[in-house]
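Below is one structure, written out as structure tokens; the observations come after it.
The values are calculated or read from the model by the stated rules, or taken from the named source; none is laboratory data. Model, not experiment: these values are computed from the prediction. Reconstructed Cβ throughout: ideal geometry from the backbone, glycine too, with neighbour counts over all protein chains shown. Accessible surface is based on the protein model in full, side chains and every heavy atom, while ligands, DNA and RNA are left aside. Shrake-Rupley method; radii C 1.70, N 1.55, O 1.52, S 1.80 Å.
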Amino acid sequence: MPDRFIVYGFQGDDLSEAERLVAGSLGIRFTARESSFRGGKYLIYRGPDRLEITIESNFADDEGVLSVPEFPRCLTLIFVGHATAEVEHRLNSVGEIEMLRTELVE
């Protein structure tokens, strides 16, 4: 079965608000982490069946280039790795976030 990777966007820049939406939808808890690669503070959840979700800022580097420039209106990005159909369904039902990209990897 192929692995599903999804990127969701949230237009606000409040990681805590995005966390509230995602955690509430899935009934999970995130851990706060820090990484210069990910623009400073980010949130991560690692669950069963390799499910991994990170909530990160779509931050501008020193030259003003966004970390994910193809989605400039989304200030917060939610990366979902190894998503199940149930996870995708639940996140798609959250009105404040939108699916930006999905990829199936064999």
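Taking a label point 7 Å from the Cα of Asp61 along the Cα→Cβ vector, which residues of segment 1-34 have an amide N closer than 20 Å to it? Residues passing the 20 Å test: 34. For segment 11-106, with all protein chains in place and a probe radius of 1.4 Å, 48% of the accessible heavy-atom surface sits on carbon or sulfur.
When only C-alpha pairs under 8 Å and at least 6 residues apart count, what is the relative contact order of the chain, in percent?
Working: 200 pairs, mean separation 46.4, N = 106.
Once normalised by length, the contact order is 44 percent.
To the nearest 10 degrees, how steep is helix 15-26 against the longest Cα principal axis of the chain, on a 0 to 90 scale? Roughly 10 degrees between the two axes. Taking Lys and Arg as +1 and Asp and Glu as -1, the other residues whose beta-carbon sits under 14 Å from that of Asp14 total -3. Quick one: go through segment 1-28 and flag any residue whose amide nitrogen is under 12 Å from the point 7 Å out along the Cα-to-Cβ line of Val68. Inside the label zone: 5-11.
How much accessible area per residue does the chain have, in Å², with a 1.4 Å probe?
On the way: 6290 Å² over 106 residues.
Per residue, the chain has an accessible area of 59 Å².
Sparsely packed loop sites in segment 1-98 (the GluC sites (Glu not before Pro) outside DSSP H, G, I, E and B with at most 16 other Cβ atoms within 10 Å) comprise Glu63, Glu70, Glu96.
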